[in-house]
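In what follows, a structure is listed as structure tokens, so that the remarks can point back to it.
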Amino acid sequence: MNKANKLINLLRSGSFRGIIFDFDGTILDVREPLEKSIQEVCTEYKVSTNMENTFQEIGALLETIQGFPLPKVLLESYEIFKHITALQDITYFKKLRIAVKIFAKYLEYSKDATLYSSVKPLLKKFKKFSDLFIVSHNKTETIMNHLEKEEIDNLFKGVYGSDKIPVQKPDPMALQPALDNYEKKRRDEFLIIGDMPSDITAGKEAGFWTIGVASGISSKEILAEQNPDLLIDSLDELL
């Protein structure tokens with residue numbers, strides 16, 4: 001039996017002690033606010049861009065910096081923004097203005113982002129046999145605001161944003177706060193579900209089962225490079 005089929009059987013039998021979700025792009029649909037932010041700012045600054053490539057690059061960047069305070073973003077901006085292909089031929093200060101404006105617009109638009117349609121029924125299904133957690137680079141307060149608005153905050157045993165994890169993913173220690181809820185545990189009793197390579201890498205290095213979801217920031221091809229135990233287009237497939 002291959003790993004994907006074994007994982008599916010473990011899910012069906014309710015064998016996981018804990019299931020850890022990423023938030024942005026996994027539970028929360030952030031594609032529209034991110035695309036809107038990029039399109040508006042690139043149009044304003046007359047930057048010609050391959051939308052899909054820029055979406056992937058800026059999405060990966062936001063995954064890293066969304067929990068940072070703005071002063072830290074500015075302080076590390078040269079290193080942070082130099083890998084965005086669409087901005088490579090632009091002066092540093094213009095690049096900084098564009099990137100910070102995209103970041104600011106995204107933070108504003110993402111306040112109104114909605115959950116993927118299958119999230120609520122899936123969480124309620126999993127809750128019957130597993131503890132549920134969120135480990136995200138977003139701020140805990142922001143995550144809780146969305147969960148409370150959707151009235152699903154009570155489904156989670158723990159919610160750990162950037163301010164509550166010791167390091168960022170892909171470092172597996174980012175997942176430690178969830179494990180700290182248990183005195184005794186086996187790492188193969190845990191599963192992580194995420195839309196970014198960093199989620200899969202952190203999970204594999206922690207000894208967890210992993211599911212990559214291609215409905216968020218990263219394409220299926222990018223996630224496949226990390227060899228998750230199961231790779232799906234959306235959470236609908238798990239239902």
Formal net charge of residues neighbouring Pro33 (Cβ-Cβ distance under 9 Å; K, R +1; D, E -1): -1
Highest-MSF residue in the chain out of Glu150, Glu183, Glu35 [GNM, Cα springs under 10 Å]: Glu183
Label-point gap, in nm, between Asn181 and Leu155 - each point 7 angstrom along Cα→Cβ: 1.4
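Compute the length gained on full extension between Met51 and Asp188: take 0.36 nm times their separation in residues and subtract their Cα-Cα distance, giving the result in nm to one decimal. Don't skip to the answer; put the middle values down first.
Working: separation 137, 0.36 × 137 = 49.32 nm, distance 3.85 nm.
The Met51-Asp188 span can extend by a further 45.5 nm.
Remind me, relative contact order of the chain in percent, using alpha carbon pairs under 8 angstrom and six or more residues apart? Let's see the in-between values first.
On the way: 378 pairs, mean separation 64.1, N = 239.
RCO, the chain: 27 percent.
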Surface accessible to a 1.4 Å probe, per residue, for the residues of the chain, Å²: 48
Net lengthening on full extension, Lys125/Lys111 (0.36 nm per residue, minus Cα-Cα): 2.4 nm
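Give the carbon-plus-sulfur fraction of the accessible surface of the range 151-224 in %, rounded to a whole number; probe 1.4 Å, heavy atoms of protein chains only.
Values: 1430 of 3070 Å².
Carbon with sulfur: 47 percent of the solvent-accessible area.
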The range 147-239: Rg to Rh, with Rh as the Kirkwood radius over Cα pairs: 0.97
Approximate shape of the range 98-210 as ellipsoid semi-axes (Cα gyration tensor, √5λ), whole Å, largest first: 24, 19, 13
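With r as the distance between the Cβ atoms of Ile222 and Asn9 and R0 = 30 Å, compute the FRET efficiency 1/(1 + (r/R0)^6) and round to 0.05. Intermediate values should be presented prior to the final figure.
Details: r = 27 Å, r/R0 = 0.90.
Calculated transfer efficiency: 0.65.
For every helix of n ≥ 4 consecutive DSSP H residues, a contribution of -39,500 (n - 2.57) applies; sum these over the chain, divide by its total residues, and give [θ] at 222 nm rounded to the nearest 500 deg cm²/dmol. It would help to have the intermediate numbers written out before the result.
Numbers: 11 runs with 106 residues, N = 239.
The helix contribution divided over the chain gives -13000 deg cm²/dmol.
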Using alpha-carbon coordinates, inclination of helix 3-12 to the longest axis of the chain, degrees: 60
DSSP loop chymotrypsin sites (Phe, Trp or Tyr not before Pro) with at most 16 other Cβ within 10 Å excluded, longest remaining stretch of the chain: 46-128
Contour excess over end-to-end distance, with Cα ends at Asp171 and Tyr92 and 0.36 nm allotted per residue: 25.4 nm
C-alpha long axis of helix 51-65 to longest principal axis of the chain, angle in °: 70
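With a ≥ b ≥ c taken as the square roots of the eigenvalues of the C-alpha gyration tensor of the range 102-166, please select rounded if a/c is under 1.5 and otherwise prolate if a/b is larger than b/c or oblate if it is not? It would help to have the intermediate numbers written out before the result.
Values: a/c = 2.51, a/b = 1.43, b/c = 1.76.
Oblate, since a/c reaches 1.5 and b/c is not below a/b.
Can you classify the chain as rounded, prolate or oblate using the Cα gyration tensor, where a ≥ b ≥ c are the square roots of its eigenvalues, rounded means a/c under 1.5, and otherwise it's prolate if a/b beats b/c and oblate if not?
Values: a/c = 1.88, a/b = 1.78, b/c = 1.05.
Judged from the Cα gyration tensor, the chain comes out prolate (a/c at least 1.5, a/b above b/c).
The values are calculated or read from the model by the stated rules, or taken from the named source; none is laboratory data. These numbers were taken from a predicted model, which means no experiment stands behind them. So basically every Cβ, Gly included, is an ideal-geometry build from the backbone, and we count neighbours across all protein chains shown. Calculation scope for accessible area: heavy atoms of the full protein, side chains included, ligands and nucleic acids excluded. Shrake-Rupley method; radii C 1.70, N 1.55, O 1.52, S 1.80 Å.
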